[in-house]
Amino acid sequence: MEEQYDNSKNSMPLVSIGMPIYNVGSFIERSLLSVLDQTYDNIEILAVDDCGSDNSMDIVKHLQIEHPRGSAIRIIRHSENKGLGEARNTAIDHASGKYLYFIDSDDYIEPETISIMVPEAEKHHADVVHTVARTVYDKTHRVEHSFPEQPYRVLKGKDAFADFVCQDHRRHVSFTSWNILFSIEFIRKNNLHFYPITCEDILFFYDYYPLVEVAVLMPNVTYNYLKREGSIMDSARGGRIPVKSIKKWFEANSIMLEHSFQYVDRPFYCVHCARMLKQDFRAVCIALRHRKRFDGKLTDKEICQNLRHPSTYAQILKFKRYRLVNLFFKILGSLPVWMCVRLSYIIGKAIRWI
């Protein structure tokens, strides 16, 4: 980590920085300046215009003309609003760099972010390099915490990264797609892409983490995640809730379920299932807690389908870890619909998830 790196354009690989942009007029200037002012010289910024209705793109175009490094900005405009996942796919399709880094256009990064990550990627031929993010509140500028806290590690070999992720059911790395330096070759050879639905980050993570053969984890805090009122994360605090929001969450869980079958013979599979079903159960508890506030009908069957376990009883009994947890979720999801819902509510209340 202490090696000096030749920070000249001739020696540095190009890094593509994907930035989806949609109605972030109050934040885009700071975000984009944090990228333009990187100490790392060889970057291209893929500003993906997702057809918002405010002045965000006017600010981008102004910086493209006026900033000394404005020529690094490439504006790619969608024909219509397609959402965050598709905007990131556009960045993947248009990236010219050896590496790809995502940043959300209301967040901002530290000046040495890319300079810190690239040497490690080059040294170890890494598929991914993870650093640490902090949460910053928009109104008060209060810094809440950094996540995930991690010492420096280099994980090499098939399943090394997946085994680290699945050492237990806790979160040991970030499940986001931003603040990670990806090898574009790794993304493209595995045909990785984002789904155009809610939870696109977690779906992308579940798709890519079992495929990583070289990962570098660094303790450096490089990313500032802006927590603001009125964002998607805060939209359900009061009033009526669109029922489609929870159904989209269920849809994401269903995709993860379908994809999990390919990992059945991998050593981390038992923990992968336990983690996935725990997340599914949390979604069920949220649905049950807010059921009366949804603006449409959510049936018991729709709720229970979210708790299907991908494995058979015979497979679960062979698990070396989290066997009882997996058996519990297998049994719960196999109960009659009314019983599954009732028992889920009782358990959710007992553990204060409802």
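Throughout, read-outs are computed from the coordinates displayed, never taken from laboratory work. None of these values were measured; they are calculated from a predicted model. Quick reminder, even Gly has a Cβ in these numbers, built from the backbone with ideal geometry, and neighbours come from all protein chains shown.
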Dipole size in debye (nearest 20) for the chain around its Cα centre, Lys and Arg Cβ +1, Asp and Glu Cβ -1? 2300 debye
Of Leu36, Ala215, Ala287, farthest towards positive along the dipole that unit charges on Lys, Arg, Asp, Glu beta carbons give the chain: Ala287
Calculate how steeply helix 84-94 sits against the longest principal axis of the alpha-carbon atoms of the chain, using the helix alpha-carbon long axis, and give the answer as 0 to 90 degrees to the nearest 10. 50 degrees
Fully extended, how many nm does the chain gain between Ile65 and Val154 (0.36 nm per residue separation, minus their Cα-Cα distance)? 28.0 nm
Backbone N within region 100-119 under 17 Å of label point (7 Å from His141 Cα along the Cβ vector): 107-111
For the chain, what is the mean residue ellipticity at 222 nm derived from helices alone (per DSSP H run of n ≥ 4: -39500 (n - 2.57); sum divided by total residues; nearest 500 deg cm²/dmol)? -12000 deg cm²/dmol
Given 0.36 nm per residue, what is the gain on full extension from Asp93 to Cys51 after removing their alpha carbon distance, in nm? 13.3 nm
Does region 248-354 come out rounded, prolate or oblate, given a ≥ b ≥ c as the square roots of the eigenvalues of its C-alpha gyration tensor, rounded meaning a/c under 1.5 and, failing that, prolate meaning a/b above b/c? prolate
Quick one: Kirkwood hydrodynamic radius for region 161-298, alpha-carbon pairs, angstrom, one decimal? 16.9 Å
What is the set of long-range amide H partners of Ile241 at a cut-off below 5 Å, with H atoms built 1.01 Å from backbone N? Phe294, Asp295
Cut-off 13 Å between beta-carbons: net charge of the residues surrounding Asn55, Lys and Arg +1, Asp and Glu -1: -3
What order, most packed first, do the peptides 258-265, 93-100 have when packing is the mean number of other Cβ atoms within 10 Å of each residue? 93-100, 258-265
If I fit a long axis through the Cα atoms of helix 269-289 and take the longest principal axis of the Cα atoms of the chain, what angle between them do I get, 0 to 90°, rounded to 10? 80 degrees
Once you list every other residue whose beta carbon is under 11 Å from the beta carbon of Glu144, what net charge do they have if Lys and Arg are +1 and Asp and Glu are -1? +3
Checked region 46-159 with the C-alpha gyration tensor, a ≥ b ≥ c its square-rooted eigenvalues, rounded below a/c of 1.5, otherwise prolate if a/b is larger than b/c and oblate if not; verdict prolate
Could you work out the Kirkwood radius for region 60-122, taking every pair of different alpha carbons, averaging 1/r and inverting it, reported in Å? 13.9 Å
Which FRET efficiency, nearest 0.05, do Val337 and Asp295 yield, Cβ-Cβ r, R0 22 Å? 0.45
Positive end of the dipole of the chain, charges at C-beta (+1 Lys, Arg; -1 Asp, Glu), about the Cα centre: which of Ala274, Val132, Phe186 has its Cα farthest in that direction? Ala274
Starting from the Cα of Phe328, step 7 Å along the direction of its Cβ; do the same at His259; then give the gap between the two resulting points in nm. 2.6 nm
Quick one: Karplus J couplings for region 106-120, per residue in order, coefficients 6.51, -1.76, 1.60, θ = phi - 60°, nearest Hz, x for Gly and Pro? 10, 9, 8, 10, 6, x, 9, 3, 6, 5, 6, 7, 4, x, 5
